[in-house]
Amino acid sequence: MRQKTSNVPISSKAPTSSNAMWGGRFASGPDAIMEEINASIDFDRRLYDEDIAGSKAHAAMLADQGIISAEDASQIIAGLEDIRAEIADGCFTFSREREDIHMNVEARLAELIGPAAGRLHTARSRNDQVAVDFRLHVKAAFGALAEALEAFIDALLDKAEAHADTVMPGFTHLQVAQPVTFGHHCLAYVEMAARDLSRCRDAITRLDECPLGAAALAGTGFAIDRHQTAAALGFREPTRNSLDSVSDRDFALEFLSVAAICGTHLSRLAEEIVIWSTPQFGFVRLSDAFSTGSSIMPQKKNPDAAELVRAKPGRINGALISLLTVMKGLPLSYSKDMQEDKEQVFDAIDSLALALAAATGMVRDMAIDEQAMRRAAGHGFSTATDLADWLVRELGLPFREAHHVTGRAVALAEERGVGLEDLPLDLLQTLEARITDAVYSVLGVDASVNSRTSFGGTAPANVRAQIAYWRDRLGGKGE
(Lines give C-alpha, C1' and ligand atoms only; values in the text may rest on other atoms or scores of the structure.)
Protein backbone atom coordinates (compact mmCIF):
# COMPACT_ATOMS: atom_id res chain seq x y z
CA MET A 1 0.00 0.00 0.00
CA ARG A 2 1.29 3.46 -0.85
CA GLN A 3 2.39 5.60 2.04
CA LYS A 4 0.40 8.79 2.51
CA THR A 5 3.33 11.22 2.62
CA SER A 6 2.89 13.15 -0.61
CA ASN A 7 3.28 16.54 1.09
CA VAL A 8 6.59 15.74 2.78
CA PRO A 9 9.42 17.66 1.06
CA ILE A 10 12.77 16.11 0.29
CA SER A 11 15.25 16.90 3.01
CA SER A 12 17.88 19.50 2.16
CA LYS A 13 20.31 18.17 4.78
CA ALA A 14 23.37 16.23 3.59
CA PRO A 15 23.80 12.64 4.81
CA THR A 16 26.14 12.41 7.78
CA SER A 17 27.57 8.92 7.56
CA SER A 18 27.31 7.30 4.14
CA ASN A 19 26.30 8.67 0.81
CA ALA A 20 22.73 7.57 0.07
CA MET A 21 23.23 7.68 -3.68
CA TRP A 22 26.42 5.66 -3.93
CA GLY A 23 25.71 3.16 -1.18
CA GLY A 24 28.42 1.41 0.78
CA ARG A 25 31.32 2.13 -1.58
CA PHE A 26 31.94 5.56 0.02
CA ALA A 27 32.34 6.02 3.75
CA SER A 28 31.40 9.70 3.90
CA GLY A 29 29.49 12.30 1.94
CA PRO A 30 31.18 14.35 -0.76
CA ASP A 31 33.21 17.40 0.03
CA ALA A 32 31.38 20.70 -0.46
CA ILE A 33 33.46 21.48 -3.55
CA MET A 34 32.70 18.07 -5.00
CA GLU A 35 29.02 18.62 -4.34
CA GLU A 36 29.18 21.99 -6.07
CA ILE A 37 30.87 20.69 -9.20
CA ASN A 38 28.96 17.42 -9.33
CA ALA A 39 25.36 18.54 -8.80
CA SER A 40 23.27 19.19 -11.89
CA ILE A 41 19.81 19.52 -10.31
CA ASP A 42 19.90 23.32 -10.65
CA PHE A 43 19.45 22.93 -14.40
CA ASP A 44 18.46 19.33 -15.17
CA ARG A 45 15.28 19.70 -13.09
CA ARG A 46 13.94 21.01 -16.39
CA LEU A 47 13.86 17.37 -17.54
CA TYR A 48 11.44 16.26 -14.83
CA ASP A 49 8.54 15.53 -17.16
CA GLU A 50 10.70 13.49 -19.53
CA ASP A 51 12.32 11.67 -16.60
CA ILE A 52 8.97 10.67 -15.16
CA ALA A 53 7.66 9.60 -18.57
CA GLY A 54 10.72 7.42 -19.12
CA SER A 55 10.40 5.85 -15.67
CA LYS A 56 6.71 5.08 -16.17
CA ALA A 57 7.39 3.40 -19.51
CA HIS A 58 10.26 1.42 -17.97
CA ALA A 59 8.18 0.27 -14.99
CA ALA A 60 5.30 -0.84 -17.23
CA MET A 61 7.69 -2.80 -19.43
CA LEU A 62 9.37 -4.47 -16.44
CA ALA A 63 5.96 -5.64 -15.22
CA ASP A 64 4.89 -6.87 -18.66
CA GLN A 65 8.13 -8.88 -18.89
CA GLY A 66 7.60 -10.36 -15.44
CA ILE A 67 10.74 -8.71 -14.05
CA ILE A 68 8.81 -6.85 -11.37
CA SER A 69 5.29 -7.49 -10.11
CA ALA A 70 2.28 -5.74 -11.54
CA GLU A 71 1.48 -4.43 -8.03
CA ASP A 72 4.93 -2.83 -7.69
CA ALA A 73 4.66 -1.31 -11.15
CA SER A 74 1.24 0.11 -10.32
CA GLN A 75 2.58 1.71 -7.12
CA ILE A 76 5.61 3.07 -8.96
CA ILE A 77 3.53 4.62 -11.75
CA ALA A 78 1.02 6.17 -9.36
CA GLY A 79 3.83 7.56 -7.22
CA LEU A 80 5.54 9.04 -10.25
CA GLU A 81 2.30 10.78 -11.20
CA ASP A 82 2.09 12.26 -7.70
CA ILE A 83 5.65 13.54 -8.07
CA ARG A 84 4.86 15.07 -11.45
CA ALA A 85 1.94 16.93 -9.87
CA GLU A 86 4.11 18.12 -6.98
CA ILE A 87 6.74 19.52 -9.32
CA ALA A 88 4.15 21.12 -11.59
CA ASP A 89 2.47 22.72 -8.57
CA GLY A 90 5.78 24.06 -7.25
CA CYS A 91 5.65 22.15 -3.96
CA PHE A 92 8.50 19.73 -4.67
CA THR A 93 11.75 20.44 -2.82
CA PHE A 94 14.78 19.73 -4.98
CA SER A 95 17.89 18.56 -3.15
CA ARG A 96 21.41 19.38 -4.42
CA GLU A 97 22.79 16.56 -2.26
CA ARG A 98 20.94 14.12 -4.49
CA GLU A 99 22.77 15.51 -7.52
CA ASP A 100 20.29 15.28 -10.36
CA ILE A 101 16.67 14.99 -11.41
CA HIS A 102 16.85 11.19 -11.54
CA MET A 103 17.91 10.73 -7.91
CA ASN A 104 15.60 13.49 -6.68
CA VAL A 105 12.63 11.72 -8.25
CA GLU A 106 13.73 8.28 -7.08
CA ALA A 107 14.30 9.44 -3.52
CA ARG A 108 10.90 11.10 -3.37
CA LEU A 109 9.33 7.96 -4.83
CA ALA A 110 10.83 5.93 -1.97
CA GLU A 111 9.27 8.37 0.50
CA LEU A 112 5.90 7.95 -1.17
CA ILE A 113 5.68 4.20 -1.80
CA GLY A 114 8.46 2.60 0.22
CA PRO A 115 10.63 -0.36 -0.89
CA ALA A 116 8.85 -0.89 -4.21
CA ALA A 117 10.59 2.27 -5.45
CA GLY A 118 13.90 0.40 -5.35
CA ARG A 119 12.72 -1.92 -8.12
CA LEU A 120 12.37 0.91 -10.66
CA HIS A 121 16.07 1.06 -11.43
CA THR A 122 16.21 -2.60 -12.43
CA ALA A 123 17.81 -3.04 -15.89
CA ARG A 124 18.70 0.60 -16.38
CA SER A 125 21.36 3.15 -15.45
CA ARG A 126 21.43 6.88 -15.05
CA ASN A 127 23.46 6.79 -18.28
CA ASP A 128 20.59 5.57 -20.44
CA GLN A 129 18.09 7.42 -18.27
CA VAL A 130 19.58 10.83 -18.94
CA ALA A 131 20.08 9.96 -22.61
CA VAL A 132 16.38 9.24 -23.07
CA ASP A 133 15.33 12.29 -21.05
CA PHE A 134 17.55 14.58 -23.08
CA ARG A 135 16.48 13.09 -26.40
CA LEU A 136 12.83 13.54 -25.51
CA HIS A 137 13.46 17.15 -24.54
CA VAL A 138 15.39 17.99 -27.70
CA LYS A 139 12.81 16.21 -29.86
CA ALA A 140 10.10 18.38 -28.32
CA ALA A 141 12.27 21.47 -28.83
CA PHE A 142 12.63 20.63 -32.52
CA GLY A 143 8.85 20.25 -32.77
CA ALA A 144 8.28 23.62 -31.10
CA LEU A 145 10.89 25.23 -33.35
CA ALA A 146 9.16 23.82 -36.42
CA GLU A 147 5.83 25.33 -35.32
CA ALA A 148 7.46 28.70 -34.65
CA LEU A 149 9.13 28.64 -38.06
CA GLU A 150 5.78 27.96 -39.71
CA ALA A 151 4.33 31.03 -37.97
CA PHE A 152 7.35 33.11 -39.04
CA ILE A 153 7.00 31.98 -42.65
CA ASP A 154 3.29 32.74 -42.58
CA ALA A 155 4.02 36.30 -41.39
CA LEU A 156 6.56 36.75 -44.19
CA LEU A 157 4.13 35.43 -46.80
CA ASP A 158 1.42 37.82 -45.62
CA LYS A 159 3.83 40.74 -45.86
CA ALA A 160 5.07 39.60 -49.27
CA GLU A 161 1.52 39.33 -50.56
CA ALA A 162 0.68 42.84 -49.36
CA HIS A 163 3.79 44.22 -51.08
CA ALA A 164 4.18 42.11 -54.20
CA ASP A 165 4.25 45.35 -56.27
CA THR A 166 6.14 47.57 -53.81
CA VAL A 167 9.40 48.62 -55.44
CA MET A 168 12.53 48.94 -53.32
CA PRO A 169 16.26 48.99 -54.01
CA GLY A 170 18.05 45.68 -54.11
CA PHE A 171 21.56 45.89 -52.68
CA THR A 172 24.94 44.31 -53.13
CA HIS A 173 27.73 45.47 -50.79
CA LEU A 174 24.93 47.58 -49.23
CA GLN A 175 25.08 49.71 -52.37
CA VAL A 176 22.01 50.19 -54.57
CA ALA A 177 22.21 47.54 -57.28
CA GLN A 178 18.89 46.88 -59.06
CA PRO A 179 15.23 47.49 -58.24
CA VAL A 180 13.37 44.59 -56.64
CA THR A 181 10.01 44.29 -54.94
CA PHE A 182 9.64 44.20 -51.18
CA GLY A 183 7.55 41.06 -51.62
CA HIS A 184 10.49 39.40 -53.35
CA HIS A 185 12.78 40.49 -50.52
CA CYS A 186 10.43 38.92 -47.96
CA LEU A 187 10.37 35.70 -49.96
CA ALA A 188 14.16 35.46 -49.66
CA TYR A 189 13.66 35.00 -45.91
CA VAL A 190 10.87 32.49 -46.60
CA GLU A 191 13.42 30.39 -48.47
CA MET A 192 15.86 30.57 -45.56
CA ALA A 193 13.24 29.75 -42.94
CA ALA A 194 11.89 26.88 -45.04
CA ARG A 195 15.36 25.34 -45.15
CA ASP A 196 15.54 25.74 -41.36
CA LEU A 197 12.19 23.99 -41.12
CA SER A 198 13.43 21.19 -43.35
CA ARG A 199 16.52 20.77 -41.17
CA CYS A 200 14.27 20.51 -38.09
CA ARG A 201 12.23 17.72 -39.60
CA ASP A 202 15.29 15.88 -40.90
CA ALA A 203 16.91 16.07 -37.48
CA ILE A 204 13.82 14.67 -35.75
CA THR A 205 14.01 11.65 -38.06
CA ARG A 206 17.62 11.05 -37.05
CA LEU A 207 17.13 11.39 -33.29
CA ASP A 208 13.90 9.38 -33.19
CA GLU A 209 15.55 6.36 -31.56
CA CYS A 210 15.22 5.41 -27.90
CA PRO A 211 18.36 4.72 -25.82
CA LEU A 212 16.44 3.42 -22.78
CA GLY A 213 17.56 -0.12 -21.99
CA ALA A 214 21.17 0.35 -23.02
CA ALA A 215 21.82 0.53 -19.26
CA ALA A 216 25.28 1.72 -18.22
CA LEU A 217 27.00 0.92 -21.53
CA ALA A 218 26.70 -2.79 -22.37
CA GLY A 219 22.98 -3.51 -22.28
CA THR A 220 21.46 -5.77 -19.62
CA GLY A 221 21.00 -9.44 -18.88
CA PHE A 222 17.33 -8.94 -18.02
CA ALA A 223 14.81 -9.92 -20.68
CA ILE A 224 13.61 -6.38 -21.33
CA ASP A 225 11.57 -5.26 -24.32
CA ARG A 226 13.21 -2.13 -25.69
CA HIS A 227 10.75 -1.89 -28.57
CA GLN A 228 7.92 -1.56 -26.05
CA THR A 229 9.55 1.33 -24.18
CA ALA A 230 10.54 3.03 -27.45
CA ALA A 231 6.94 2.91 -28.67
CA ALA A 232 5.54 4.03 -25.32
CA LEU A 233 7.77 7.12 -25.41
CA GLY A 234 6.89 7.99 -29.01
CA PHE A 235 10.17 6.94 -30.61
CA ARG A 236 10.33 5.19 -33.97
CA GLU A 237 12.56 2.38 -32.66
CA PRO A 238 15.26 1.65 -30.05
CA THR A 239 18.90 2.56 -30.65
CA ARG A 240 21.00 -0.31 -32.01
CA ASN A 241 24.28 -0.03 -30.11
CA SER A 242 24.44 0.26 -26.33
CA LEU A 243 27.81 2.06 -26.29
CA ASP A 244 26.64 4.71 -28.72
CA SER A 245 23.28 4.95 -26.97
CA VAL A 246 24.72 6.37 -23.76
CA SER A 247 27.55 8.42 -25.30
CA ASP A 248 25.81 10.00 -28.30
CA ARG A 249 25.02 13.69 -28.15
CA ASP A 250 24.75 14.20 -31.91
CA PHE A 251 21.10 15.11 -31.48
CA ALA A 252 22.03 17.98 -29.15
CA LEU A 253 24.81 19.14 -31.47
CA GLU A 254 22.42 18.99 -34.38
CA PHE A 255 19.86 21.09 -32.52
CA LEU A 256 22.54 23.69 -31.79
CA SER A 257 23.69 23.59 -35.43
CA VAL A 258 20.16 24.11 -36.72
CA ALA A 259 19.62 26.81 -34.11
CA ALA A 260 22.83 28.58 -35.10
CA ILE A 261 21.88 28.62 -38.78
CA CYS A 262 18.32 29.73 -38.03
CA GLY A 263 19.62 32.39 -35.65
CA THR A 264 21.94 33.67 -38.36
CA HIS A 265 18.98 34.08 -40.70
CA LEU A 266 17.04 35.94 -38.03
CA SER A 267 20.04 38.13 -37.32
CA ARG A 268 20.32 39.15 -40.97
CA LEU A 269 16.67 40.18 -41.04
CA ALA A 270 17.07 42.01 -37.74
CA GLU A 271 20.06 43.92 -39.12
CA GLU A 272 18.02 44.98 -42.14
CA ILE A 273 15.17 46.14 -39.91
CA VAL A 274 17.65 48.20 -37.88
CA ILE A 275 18.96 49.80 -41.09
CA TRP A 276 15.56 50.25 -42.70
CA SER A 277 14.14 51.96 -39.61
CA THR A 278 16.82 54.68 -39.51
CA PRO A 279 15.82 58.18 -40.67
CA GLN A 280 18.44 57.88 -43.41
CA PHE A 281 16.49 54.99 -44.95
CA GLY A 282 13.00 55.34 -43.51
CA PHE A 283 11.75 52.19 -45.22
CA VAL A 284 9.92 50.76 -42.21
CA ARG A 285 8.48 51.93 -38.94
CA LEU A 286 8.14 49.73 -35.87
CA SER A 287 5.39 50.42 -33.38
CA ASP A 288 6.00 51.11 -29.71
CA ALA A 289 5.47 47.38 -29.09
CA PHE A 290 8.89 46.61 -30.59
CA SER A 291 10.76 49.83 -29.81
CA THR A 292 12.12 51.68 -26.80
CA GLY A 293 13.09 55.25 -26.05
CA SER A 294 16.22 56.87 -24.70
CA SER A 295 16.69 57.89 -21.07
CA ILE A 296 18.38 61.13 -22.16
CA MET A 297 17.29 61.85 -25.76
CA PRO A 298 13.50 62.28 -25.93
CA GLN A 299 13.41 62.17 -29.74
CA LYS A 300 14.85 58.65 -29.95
CA LYS A 301 12.87 55.55 -30.92
CA ASN A 302 15.22 52.61 -30.87
CA PRO A 303 14.64 49.24 -32.61
CA ASP A 304 15.72 47.34 -29.50
CA ALA A 305 13.76 44.20 -30.35
CA ALA A 306 15.61 43.91 -33.66
CA GLU A 307 18.94 44.58 -31.99
CA LEU A 308 18.33 41.85 -29.42
CA VAL A 309 17.26 39.40 -32.12
CA ARG A 310 20.54 40.27 -33.84
CA ALA A 311 22.45 39.55 -30.61
CA LYS A 312 20.83 36.26 -29.54
CA PRO A 313 22.69 34.15 -32.13
CA GLY A 314 25.92 35.06 -30.33
CA ARG A 315 24.74 32.97 -27.38
CA ILE A 316 23.57 30.16 -29.63
CA ASN A 317 26.84 30.05 -31.57
CA GLY A 318 28.73 29.97 -28.29
CA ALA A 319 26.62 27.04 -27.09
CA LEU A 320 27.41 25.09 -30.26
CA ILE A 321 31.15 25.64 -29.94
CA SER A 322 31.01 24.83 -26.24
CA LEU A 323 29.35 21.45 -26.72
CA LEU A 324 31.54 20.56 -29.71
CA THR A 325 34.54 21.24 -27.49
CA VAL A 326 33.17 19.13 -24.62
CA MET A 327 32.52 16.15 -26.91
CA LYS A 328 35.55 16.25 -29.18
CA GLY A 329 37.96 14.24 -27.00
CA LEU A 330 35.71 11.84 -25.09
CA PRO A 331 36.41 8.11 -25.32
CA LEU A 332 33.46 5.73 -25.40
CA SER A 333 31.22 5.49 -23.60
CA TYR A 334 29.87 7.81 -20.89
CA SER A 335 32.01 10.40 -19.10
CA LYS A 336 30.91 12.95 -16.53
CA ASP A 337 31.99 15.67 -18.96
CA MET A 338 28.66 15.03 -20.68
CA GLN A 339 26.85 16.64 -17.76
CA GLU A 340 27.99 19.89 -19.40
CA ASP A 341 25.74 19.24 -22.41
CA LYS A 342 22.43 20.57 -21.11
CA GLU A 343 22.81 24.17 -19.98
CA GLN A 344 23.98 25.30 -23.41
CA VAL A 345 21.14 23.49 -25.16
CA PHE A 346 18.53 24.80 -22.73
CA ASP A 347 19.81 28.34 -23.18
CA ALA A 348 19.82 27.97 -26.97
CA ILE A 349 16.25 26.63 -26.95
CA ASP A 350 15.07 29.64 -24.95
CA SER A 351 17.14 32.19 -26.88
CA LEU A 352 15.99 30.97 -30.28
CA ALA A 353 12.34 30.72 -29.24
CA LEU A 354 12.41 34.31 -28.02
CA ALA A 355 14.27 35.61 -31.08
CA LEU A 356 11.91 33.85 -33.47
CA ALA A 357 8.81 35.10 -31.66
CA ALA A 358 10.18 38.66 -31.74
CA ALA A 359 11.11 38.42 -35.41
CA THR A 360 7.64 37.12 -36.28
CA GLY A 361 6.05 39.94 -34.31
CA MET A 362 8.21 42.59 -35.99
CA VAL A 363 7.41 41.29 -39.48
CA ARG A 364 3.69 41.50 -38.76
CA ASP A 365 4.00 44.82 -36.95
CA MET A 366 6.25 46.92 -39.18
CA ALA A 367 4.66 49.56 -41.38
CA ILE A 368 6.19 49.94 -44.85
CA ASP A 369 6.83 53.38 -46.34
CA GLU A 370 6.29 52.52 -50.00
CA GLN A 371 7.21 56.00 -51.26
CA ALA A 372 10.52 56.02 -49.41
CA MET A 373 11.34 52.62 -50.88
CA ARG A 374 10.39 53.74 -54.38
CA ARG A 375 12.50 56.90 -54.17
CA ALA A 376 15.50 54.93 -52.99
CA ALA A 377 15.00 52.32 -55.71
CA GLY A 378 15.70 54.95 -58.36
CA HIS A 379 18.91 56.17 -56.76
CA GLY A 380 22.37 54.96 -57.69
CA PHE A 381 21.50 54.34 -61.35
CA SER A 382 19.78 51.10 -60.38
CA THR A 383 18.42 50.53 -63.90
CA ALA A 384 21.87 50.56 -65.52
CA THR A 385 21.75 46.79 -66.07
CA ASP A 386 18.38 47.22 -67.78
CA LEU A 387 20.01 49.67 -70.20
CA ALA A 388 22.83 47.22 -70.91
CA ASP A 389 20.35 44.38 -71.43
CA TRP A 390 18.32 46.55 -73.82
CA LEU A 391 21.42 47.30 -75.89
CA VAL A 392 22.12 43.57 -76.16
CA ARG A 393 18.54 42.55 -76.81
CA GLU A 394 17.49 45.34 -79.20
CA LEU A 395 20.75 46.34 -80.92
CA GLY A 396 22.65 43.08 -80.79
CA LEU A 397 25.69 44.51 -78.95
CA PRO A 398 27.94 42.02 -77.18
CA PHE A 399 27.28 42.33 -73.49
CA ARG A 400 30.78 43.60 -72.69
CA GLU A 401 30.37 46.41 -75.24
CA ALA A 402 26.90 47.17 -73.90
CA HIS A 403 28.38 47.28 -70.40
CA HIS A 404 30.95 49.84 -71.58
CA VAL A 405 28.33 52.04 -73.26
CA THR A 406 26.14 51.89 -70.14
CA GLY A 407 29.08 52.83 -67.92
CA ARG A 408 29.67 55.94 -70.03
CA ALA A 409 25.95 56.78 -69.79
CA VAL A 410 26.12 56.50 -65.99
CA ALA A 411 29.14 58.83 -65.99
CA LEU A 412 27.21 61.40 -68.05
CA ALA A 413 24.20 61.20 -65.76
CA GLU A 414 26.40 61.53 -62.72
CA GLU A 415 28.10 64.64 -64.17
CA ARG A 416 24.70 66.24 -64.73
CA GLY A 417 23.20 65.12 -61.43
CA VAL A 418 20.28 63.32 -63.08
CA GLY A 419 19.01 59.78 -63.45
CA LEU A 420 19.54 57.65 -66.54
CA GLU A 421 15.91 58.15 -67.50
CA ASP A 422 16.51 61.93 -67.60
CA LEU A 423 19.37 61.85 -70.12
CA PRO A 424 18.23 63.32 -73.47
CA LEU A 425 18.08 60.95 -76.42
CA ASP A 426 20.60 62.91 -78.49
CA LEU A 427 23.13 62.61 -75.68
CA LEU A 428 22.58 58.84 -75.45
CA GLN A 429 23.04 58.62 -79.23
CA THR A 430 26.52 60.11 -78.90
CA LEU A 431 27.37 56.89 -77.07
CA GLU A 432 25.58 54.56 -79.50
CA ALA A 433 23.92 56.03 -82.58
CA ARG A 434 21.29 53.30 -82.88
CA ILE A 435 19.66 54.03 -79.53
CA THR A 436 16.01 55.08 -79.96
CA ASP A 437 13.47 56.56 -77.59
CA ALA A 438 12.23 53.00 -76.94
CA VAL A 439 15.09 52.75 -74.47
CA TYR A 440 13.15 54.86 -71.96
CA SER A 441 10.68 52.00 -71.51
CA VAL A 442 13.30 50.07 -69.52
CA LEU A 443 14.80 52.90 -67.49
CA GLY A 444 12.03 53.25 -64.89
CA VAL A 445 12.02 51.14 -61.76
CA ASP A 446 8.58 49.65 -62.45
CA ALA A 447 9.61 48.57 -65.92
CA SER A 448 12.75 47.08 -64.46
CA VAL A 449 11.02 44.88 -61.90
CA ASN A 450 8.26 43.88 -64.30
CA SER A 451 10.86 42.67 -66.79
CA ARG A 452 12.50 40.25 -64.32
CA THR A 453 10.25 37.32 -65.21
CA SER A 454 12.87 34.59 -65.23
CA PHE A 455 12.16 31.79 -62.74
CA GLY A 456 12.99 33.10 -59.28
CA GLY A 457 13.03 36.71 -60.47
CA THR A 458 11.50 39.73 -58.77
CA ALA A 459 8.60 40.44 -61.14
CA PRO A 460 5.35 40.90 -59.18
CA ALA A 461 3.73 38.02 -61.09
CA ASN A 462 6.58 35.77 -59.99
CA VAL A 463 6.22 36.95 -56.40
CA ARG A 464 2.54 36.03 -56.34
CA ALA A 465 3.25 32.65 -57.92
CA GLN A 466 5.90 31.89 -55.30
CA ILE A 467 3.57 32.94 -52.48
CA ALA A 468 0.97 30.50 -53.80
CA TYR A 469 3.62 27.79 -54.08
CA TRP A 470 4.75 28.20 -50.48
CA ARG A 471 1.24 28.41 -49.07
CA ASP A 472 0.36 25.17 -50.84
CA ARG A 473 3.59 23.44 -49.85
CA LEU A 474 3.50 24.45 -46.20
CA GLY A 475 -0.24 24.06 -45.92
CA GLY A 476 0.25 20.41 -46.78
CA LYS A 477 3.17 20.17 -44.32
CA GLY A 478 5.27 18.91 -47.19
CA GLU A 479 8.40 20.92 -46.37
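Here are the numbers for the structure shown:
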| item | result |
| --- | --- |
| Scan of the stretch 49-101 for residues that are basic (Lys, Arg) and under 17 Å from Gln228 (Cα atoms), ordered by number | Lys56 |
| Residues of the stretch 377-408 that turn out to be among the aromatic types (Phe, Trp, Tyr) and at pLDDT 85 or above, as a count | 2 |
| Condition check for Ala63: farther than 13 Å from Leu109 by Cα and in contact with an Asp or Glu (Cβ under 9 Å, 6 or more places away or on another chain) | yes |
| Selection status of Ala117, in contact with an Asp or Glu (Cβ under 9 Å, 6 or more places away or on another chain), under 23 Å from Glu340 (Cα atoms), open to solvent by less than 10 Å² (accessible area, probe 1.4 Å) and modelled with pLDDT of 95 or more | no |
| Condition check for Asp128: charged (D, E, K, R) and under 22 Å from the mean Cα position of the chain (by Cα) | no |
| Residue list for the stretch 196-208, restricted to those being touching a residue at least 40 places away in the same chain (Cβ under 8 Å) and either open to solvent by 40 Å² or more (accessible area, probe 1.4 Å) or in a helix (DSSP H, G or I) (or both) | Asp196, Leu197, Ser198, Arg199, Cys200, Arg201, Ala203, Ile204, Arg206, Leu207 |
| Test: residue in the stretch 451-472 that is outside any helix (DSSP H, G or I), open to solvent by 60 Å² or more (accessible area, probe 1.4 Å), of a type outside the set (Phe, Trp, Tyr) and closer than 17 Å to Arg393 by Cα | yes |
| Residues located in the stretch 62-98, provided they are open to solvent by less than 30 Å² (accessible area, probe 1.4 Å), in a helix (DSSP H, G or I) and in contact with a Leu (Cβ under 9 Å, 6 or more places away or on another chain) | Leu62, Asp72, Ala73, Gln75, Ile76, Gly79, Leu80, Ile83 |
| Residue among Val138, Val132, Val105 that alone is more than 30 Å from Asp369 (Cβ to Cβ), in contact with a strand residue (DSSP E or B) (Cβ under 7 Å, 6 or more places away or on another chain) and open to solvent by less than 30 Å² (accessible area, probe 1.4 Å) | Val132 |
| Count of the stretch 178-195 residues which are open to solvent by less than 20 Å² (accessible area, probe 1.4 Å) and either of a type in the set (S, T, N, Q) or within 28 Å of Ser245 (Cβ to Cβ) (or both) | 1 |
| Enumerated helices (runs of 4 or more DSSP H) restricted to the stretch 209-295, each holding at least 1 residues that are within 30 Å of Gln175 (Cβ to Cβ) and acidic (Asp, Glu) | 250-276 |
| Ala39 open to solvent by less than 50 Å² (accessible area, probe 1.4 Å) and modelled with pLDDT of 95 or more | no |
| Only listed residue being closer than 30 Å to Ile68 by Cβ and at pLDDT 95 or above, chosen from Ile273, Ile204, Ile261, Ile224 | Ile224 |
| Cβ pairs under 7 Å, 6+ apart, first in the stretch 409-438 and of a type in the set (Lys, Arg), second modelled with pLDDT of 90 or more and surrounded by 12 or more Cβ atoms within 10 Å (Cβ to Cβ) | Arg434/Leu395 |
| Failed criterion for Ala218 (all others in (1) in contact (Cβ under 8 Å) with a residue 40 or more places away in the chain; (2) within 30 Å of Leu243 (Cβ to Cβ); (3) among the aliphatic types (A, V, I, L, M) hold) | (1) |
| Tally, over the stretch 259-289, of residues that are of a type in the set (Phe, Trp, Tyr) and buried (at least 20 other Cβ atoms within 10 Å of the Cβ) | 2 |
| Members of the stretch 164-173 that are within 17 Å of Val284 (Cα to Cα) and either touching an Asp or Glu at 6+ places or on another chain (Cβ under 9 Å) or open to solvent by 30 Å² or more (accessible area, probe 1.4 Å) (or both) | Asp165, Thr166, Val167, Met168, Phe171 |
| Residue satisfying all of: in the stretch 431-471; modelled with pLDDT of 95 or more and among the charged types (D, E, K, R); farthest from Gly407 (Cα to Cα) among these | Arg471 |
| Residues satisfying the stated conditions in the stretch 229-242, i.e. in contact with an Asp or Glu (Cβ under 7 Å, 6 or more places away or on another chain) and either open to solvent by 40 Å² or more (accessible area, probe 1.4 Å) or at pLDDT below 95 (or both) | Arg236, Glu237 |
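The values are calculated or read from the model by the stated rules, or taken from the named source; none is laboratory data. Just so you know, these numbers come straight off a predicted model, no measurement behind them. Neighbour counts run over all protein chains shown; Cβ positions are idealised from the backbone, glycine included. Protein only, heavy atoms only, side chains kept; ligands, DNA and RNA dropped before computing areas. Shrake-Rupley method; radii C 1.70, N 1.55, O 1.52, S 1.80 Å.
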